[in-house]
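All remarks here apply to the structure that follows.
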Amino acid sequence: MRNLLSTIIRFFFKVNNKFVYFISRLKVFAYFEKTDNLTMSYDVEVKYFQNIQIGKNVKIGPRSTLGAMSPLTIGDDVTISKEVILETAGLDHLNFNERTHVSKPITVGKNVWIGARAIVLGGVSIGDYAIIAAGSVVTHNIPKGAIVAGVPARIISSINLPGECL
């Protein structure tokens, strides 16, 4: 009896993993048909997918959110870790009683790494080769090759880029 139960559980895990992978690939093809080598977890939340442009070789981790009321552009070779939020929209504090939203675009350059649970707010441009530390809240533009951390994110270091990257 125990072997039968073990066999049944292993079978459902195999089927479940294939089903989850299948759903993940369907979501990628449905939202982003023109992307090349995009890896996106099945549970990524995508809002306003028609405003999102994604480059080649992009990886988006589980439980991340791509909110694109305004354009959201992600460059080539970007890694977005788990539970990252890229949100172009926020509440309009000047018209708080009306609960209206304002939205500004986000641009993520090439070869950027965004750490787990980081938040990138609207109106931000992240330069090529930048690294956003886990848990950071990015409220201002980040220059090329910068390493940022904190709330709000501040430059803590920079990467020595080879000549061909400059």
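Quick look at the numbers
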quantity	calculated
Within the range 50-87, considering residues that are farther than 15 Å from G115 by Cβ and aliphatic (A, V, I, L, M), the one surrounded by the fewest Cβ atoms within 10 Å (Cβ to Cβ)	M69
The lone exception for S136 - which of (1) under 26 Å from D36 (Cα atoms); (2) modelled with pLDDT of 95 or more it fails	(1)
Residue satisfying all of: in the range 126-139; of a type outside the set (A, V, I, L, M, F, W, C) and under 14 Å from the mean Cα position of the chain (by Cα); surrounded by the most Cβ atoms within 10 Å (Cβ to Cβ) among these	S136
Scan of the range 140-154 for residues that are among the charged types (D, E, K, R) and either open to solvent by less than 30 Å² (accessible area, probe 1.4 Å) or farther than 15 Å from G109 by Cβ (or both), ordered by number	R154
Tally, over the range 94-115, of residues that are more than 14 Å from the chain's Cα centre (by Cα), more than 16 Å from T139 (Cα to Cα) and open to solvent by 60 Å² or more (accessible area, probe 1.4 Å)	7
Given (1) at pLDDT below 90; (2) over 18 Å from E87 (Cβ atoms); (3) part of a loop (DSSP other than H, G, I, E, B), index of the condition D43 fails	(2)
Tally, over the range 116-125, of residues that are crowded, with 19+ Cβ neighbours inside 10 Å and under 14 Å from P71 (Cβ atoms)	3
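The values are calculated or read from the model by the stated rules, or taken from the named source; none is laboratory data. Note that the structure is a prediction, hence the values are computed from the model and not measured. Heads up, the Cβs are rebuilt from the backbone with ideal geometry, glycines too, and the neighbour counts pull from every protein chain shown. Side chains included, ligands, DNA and RNA excluded: accessible areas come from the protein's heavy atoms. Shrake-Rupley method; radii C 1.70, N 1.55, O 1.52, S 1.80 Å.
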